[in-house]
Amino acid sequence: MASSPLSGISLQYLDAMQAAFDRDPGSVEPGWRVIFQVLAEMDARRPADTGAEWRDRGHLTASLDPLAPGATPPADPIQALYTGTLAVESAHIDDAARSAWLRAAVEQDAGLPAPAAPMAVLAELIEAEEFENFLGRKFPTKKRFGAEGAEALIPLLRRVLANAAAQGVTRAVIGTMHRGRLSIVANVLGRSLARMIGEVKGAHPFPADAPRAGDVPYHLGLEADLILDGHPIRVTLLSNPSHLEAVDPLVLGRARAAQDAIGEGGVDKVLPIILHTDAAVVGQGLVAECIQLAGPAGYTVGGTVHLVVNNQIGFTTEVQEARTSRHCTGPWKAVDSAILHVNGDDPAAVCRAADIAVAWRQAQHCDAVIDLVCYRRNGHNEIDEPGFTQPLLYARIAGKPPVTRRFAASLIAAGITTEDAVAALAEACRARLQAGYDEAPAHRVNESGFPARPAARGQDTGVAEPVLARIATALANPPDGAVLHPRMGRVLRQRAIEEAGIPWPSAEAMAFGSLVLDGVPVRLSGQDVVRGAFSHRHFSLTDRMTGQKHVGLDGLDPAQARFQAFNSPLSEYAVLGFEYGYSLERPEALVLWEAQFGDFANGAQIMIDQFITSGEEKWCDPSRLVMLLPHGLEGQGPEHSSARLERYLQLAALDNMRVVNPSTPANYFHLLREQGLGLCDKPLVIMGAKKLLRLPAALSPLRDFLPGTGFTPVVATVPEGPVELVLLCSGKIAYELEEQRQARDARTVAILRLERLYPLPADELRALLRRWPNARLVWVQEEPENMGAWRWIDRQLETLAMECRMAAPRADYAGRPESPSPAGSFHGDHDTDQRAIVERAFAALPRAAAEAAQ
């Protein structure tokens, strides 16, 4: 590319030349003078479109900050619309029709309801202010994360819900943060004041006869049936932890599940609403992950309404420390979203923002974001002192009257109400709050806290042979007329039921197929799950000529339930949260999330720790979610070897989940059937197969799938004669131990595979160990000593062995030495280490025989 003479000239030099030309054209060198004259003529001929400029950039100069001096309204009507206390961002919207819709709504009120009634808004502001004042007086040392400075949040959320209900929404799913949550629960969702105040005082949220850990009041969820302006709407407020934005994907997943349950038109009837704060919404990458779920078919919810409580500060973090973007809503500029900025001190504008947001979502099925610019009158919580770090800001806030007082004064001045009427509204609020406070000591929780759960669909996880044959035949035959990849013929032939046995992929497909025939919807999600990361599923067959896709499991029978498999974006955190939320809403469905490799699941560790393993204990939120985590050391290095089994075992307590490591296709089949039929109402964590997907020895005979069979928690290889050595293990290493046992003809060795690690199958183990009181025990694993199951299970094995009166109850360890890395990087070293583990396991055999002889 040829260089330009201008390329070496700085912008500052050009600016200086332009300024000199503007002052005196004759002072500029003739060549430059010609250039500047031409540019001036071009500018003069260009038609001015100040309207477009205000539409695109008016938000940059809008009067949004309630702490800033008020600006004089401009004379230009378009400028006034886009630079006032309500400003709209639309320049990022690529779709011209959507941009036009938004302009019409802002400039002509097209598609919008009548403005909110001022007295109704005032009443809601008074409720918000009096609520916080009351709790502040009664509980001055309690954290409540009040909404002082953001009182307009209450009429904003109520207006969103009322508009949604008026437009046909029958269900709203809400996720929110701490700030203002108690006020929302009391003043918008109608929670019993006696119950809520009792919880603030320290009452347990759930009945004492079923003890639970519970949680603090500003984390608890709620189901509420509301009538807003004559329209019914059911609202689900999700429980959530303190982890910022973590609840967001749960809202999306639960809303999608409710939409799917409705079927056609569900998108228009179920509305997800997520509340944020300014510092969190740009600081947490999960928000960007969730934004990108808006479009893909498996995850879209037809748009979400986002309400950002813009405190203009984090805990102590100021705006310039918290973000780079001009607005905290910057992440939504990546998609066609309506971004509305509104001054929290203008309640009428706040309510109009709600009108635009809901109308946009219902019409365009895209996200709408309301940036409620306000302030935080107290510190991060009520016992925090913000003056330490922001003394000037909080001096300004201390002198600022609340929005309720200013709005009431404006209505009084306009003759809409009187001071006495305003005082009466406030007094009525205080009376209600005092009555709730007085009733709180006597309030008792009657309901269990648990949502209704569907009954199990029978007890037998086995399936009749004709049904299995029908599924296998349907999946083994290509769609009529389809032209498939040449290698797909072999894949399809492997789906037939063979005398040699049924492999892992076929067992999974038959489990899913039998469940949908039983009326159980199946949803599988994750990265590359449709084909399978290991090219083992191929649930969707693609015609090479037309690109048309055929999903055999979704077409077994016209009366079947839906089978859906979705390749997800490359996200663990958001997608796992989405599927967990989906499972909360639809317990009748089998919902599965698969990590591409189990190693990558720790990208969603917050979801695992705070929700999946503890949600029922904290919030009475049961889930039947299945997590498929491919696990096993195979020489693929430290990032493709371990699902971190030890972490799930550490989290296991009080029967909160099942942690399994199946080694046979039949056991995997029965686990999926158990979960889908509702025989276990807990999350299921499966250390998934990799090598076993194609291992010739990892086949199960057809008889292990038939009626009367089921999941076997301990698979035992037991010799007919005496046993001197018992090798206990879990997972694929069992096949290497079995191979070595045969090679050595070690007839006095028993191998016990623990297919279920938690809950530990203690009864099954006791029944076996009692038979061999003089045998020696060895725990065998391929993971490092500080990982895997060893340090979780060793004392439990010793206790069981002592109960069985074994002579040597302490188990030995055969596995890799401890390491900060789950696996090495070199395949040759892996093979050597694996052989050494197996040799070490059997090395105890002579010693066991000698001790038995003594």
- Message: Given (1) farther than 30 Å from LYS269 by Cβ; (2) in a helix (DSSP H, G or I), identify the lone condition not met by ASN163.
- Response: (1)
- Might you let me know whether segment 254-276 holds any residue that is assigned to a loop (DSSP other than H, G, I, E, B) and touching a Leu at 6+ places or on another chain (Cβ under 7 Å)? no
- Output for segment 181-217, where each listed residue is within 30 Å of GLN167 (Cα to Cα), in a helix (DSSP H, G or I) and either of a type in the set (Val, Ile, Thr) or under 22 Å from the mean Cα position of the chain (by Cα) (or both): ARG181, ILE184, VAL185
- Message: Restricting to segment 807-836, give me the number of residues that are open to solvent by less than 20 Å² (accessible area, probe 1.4 Å), among the aliphatic types (A, V, I, L, M) and not in a loop (DSSP other than H, G, I, E, B).
- Response: 1
- Item | Count of segment 800-827 residues which are without any contact (Cβ under 8 Å) to a residue 12 or more places away in the chain and more than 16 Å from ARG766 (Cβ to Cβ) | 1
- Task: Restrict the check to segment 474-495 and report whether at least one residue is in contact (Cβ under 8 Å) with a residue 12 or more places away in the chain, part of a helix (DSSP H, G or I), open to solvent by less than 60 Å² (accessible area, probe 1.4 Å) and farther than 27 Å from PRO662 by Cβ.
- Result: yes
- Message: Here's a check for you: in segment 407-447, which residue that is modelled with pLDDT under 95 and open to solvent by 60 Å² or more (accessible area, probe 1.4 Å) is farthest from the chain's Cα centre (by Cα)?
- Response: ASP438
- Note on the structure: Within segment 522-532, residues assigned to a strand (DSSP E or B) and at negative phi come out as VAL522, ARG523, LEU524, SER525
- Query: Hey, among TRP360, TRP332, which residue is buried (at least 23 other Cβ atoms within 10 Å of the Cβ) and either over 23 Å from the mean Cα position of the chain (by Cα) or small (Gly, Ala, Ser) (or both)?
  - Reply: TRP360
- Query: Restricting attention to segment 423-478, which residues are closer than 30 Å to LYS682 by Cβ and β-branched (Val, Ile, Thr)?
  - Reply: VAL445, THR461, VAL463, VAL467, ILE471
- Message: Quick check on segment 837-845. Is at least one of its residues without any contact (Cβ under 8 Å) to a residue 60 or more places away in the chain, of a type in the set (A, V, I, L, M) and either part of a strand (DSSP E or B) or surrounded by fewer than 21 Cβ atoms within 10 Å (Cβ to Cβ) (or both)?
- Response: yes
- Query: Looking at LEU777, LEU754, LEU769, which one is buried (at least 21 other Cβ atoms within 10 Å of the Cβ), more than 18 Å from ARG741 (Cβ to Cβ) and modelled with pLDDT of 95 or more?
  - Reply: LEU769
- Task: Filter segment 32-84 down to residues that are among the aromatic types (Phe, Trp, Tyr) and at pLDDT 90 or above and give me whichever is most open to solvent (accessible area, probe 1.4 Å).
- Result: TRP54
- Message: Pull out all pairs, ordered by first then second residue, where Cβ-Cβ is under 7 Å, the residues are six or more apart or on different chains, the first lies in segment 326-339 and is of a type in the set (S, T, N, Q), and the second is modelled with pLDDT of 95 or more.
- Response: THR329/VAL308; THR329/ILE339; THR329/VAL369; THR329/ASP371; SER337/CYS366; SER337/ASP367; SER337/ALA368; SER337/VAL369
- Item | Hits in segment 290-314 - residues which are within 28 Å of ALA147 (Cα to Cα) and touching a Gly at 6+ places or on another chain (Cβ under 9 Å) | CYS290, VAL309, ASN310, ASN311, GLY314
- Note on the structure: Of those in segment 107-153 that are of a type in the set (Lys, Arg) and surrounded by fewer than 22 Cβ atoms within 10 Å (Cβ to Cβ), the residue nearest to ARG361 (Cα to Cα) is LYS143
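Results for (1) of a type outside the set (Ser, Thr, Tyr); (2) without any contact (Cβ under 8 Å) to a residue 40 or more places away in the chain; (3) closer than 14 Å to GLU148 by Cα; (4) touching a Ser or Thr at 6+ places or on another chain (Cβ under 9 Å), shown as yes or no for each residue.
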position: ASP345; (1), (2), (3), (4): yes, no, yes, yes
position: ALA348; (1), (2), (3), (4): yes, no, no, yes
position: ALA359; (1), (2), (3), (4): yes, no, no, no
position: ASN378; (1), (2), (3), (4): yes, no, yes, no
position: GLU382; (1), (2), (3), (4): yes, no, yes, yes
position: GLU385; (1), (2), (3), (4): yes, yes, no, no
position: THR389; (1), (2), (3), (4): no, no, no, yes
- Task: Among the residues of segment 166-193, write down those that are touching an Asp or Glu at 6+ places or on another chain (Cβ under 7 Å) and open to solvent by 10 Å² or more (accessible area, probe 1.4 Å).
- Result: ALA166, GLY168, ASN187
- Item | Residue that is closer than 19 Å to GLY298 by Cβ, surrounded by fewer than 19 Cβ atoms within 10 Å (Cβ to Cβ), basic (Lys, Arg) and modelled with pLDDT under 95, where the choices are ARG537, ARG531 | ARG531
- Message: I'd like the residue in segment 85-106 that is part of a loop (DSSP other than H, G, I, E, B) and open to solvent by less than 50 Å² (accessible area, probe 1.4 Å) and, out of all such residues, is farthest from ILE339 (Cα to Cα).
- Response: THR85
- Message: Among the residues that make up segment 88-100, is at least one of them under 30 Å from PRO402 (Cβ atoms) and either of a type outside the set (S, T, N, Q) or in contact (Cβ under 8 Å) with a residue 60 or more places away in the chain (or both)?
- Response: yes
- ILE313 is checked against (1) modelled with pLDDT of 95 or more; (2) open to solvent by less than 50 Å² (accessible area, probe 1.4 Å) and fails just one. What number does that condition carry? (1)
- Note on the structure: Every listed condition ((1) touching a helix residue (DSSP H, G or I) at 6+ places or on another chain (Cβ under 9 Å); (2) under 25 Å from ASN656 (Cα atoms); (3) in contact (Cβ under 8 Å) with a residue 60 or more places away in the chain) holds for GLU736 save (2)
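Only one residue in LEU238, LEU271, LEU244 is touching a residue at least 12 places away in the same chain (Cβ under 8 Å), open to solvent by less than 20 Å² (accessible area, probe 1.4 Å) and within 16 Å of the chain's Cα centre (by Cα). Which one?
One residue alone meets the criteria, LEU238.
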- Note on the structure: With the first residue restricted to segment 496-521 and required to be at positive phi and open to solvent by 10 Å² or more (accessible area, probe 1.4 Å), and the second required to be at pLDDT 95 or above and in a loop (DSSP other than H, G, I, E, B), Cβ contacts under 6 Å at 6 or more apart or on different chains are GLY519/ALA561
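Answer yes or no: is there a residue in segment 154-164 that is open to solvent by 30 Å² or more (accessible area, probe 1.4 Å), modelled with pLDDT of 90 or more and under 27 Å from the mean Cα position of the chain (by Cα).
Among the residues of segment 154-164, at least one is open to solvent by 30 Å² or more (accessible area, probe 1.4 Å), modelled with pLDDT of 90 or more and under 27 Å from the mean Cα position of the chain (by Cα), which makes the answer yes.
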- Message: I'd like the full set of residues that are open to solvent by less than 30 Å² (accessible area, probe 1.4 Å), touching a strand residue (DSSP E or B) at 6+ places or on another chain (Cβ under 6 Å) and in a loop (DSSP other than H, G, I, E, B), limited to segment 658-712.
- Response: ASN661, SER663, THR664, LYS690
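The values are calculated or read from the model by the stated rules, or taken from the named source; none is laboratory data. Nothing here was measured: the structure is a model prediction, and the numbers come from that model. Backbone-built Cβ (ideal geometry, glycine too); neighbour counts: all protein chains shown. The protein model used for the area step is the full one, side chains on, heavy atoms only, and it has no ligands, DNA or RNA in it. Shrake-Rupley method; radii C 1.70, N 1.55, O 1.52, S 1.80 Å.
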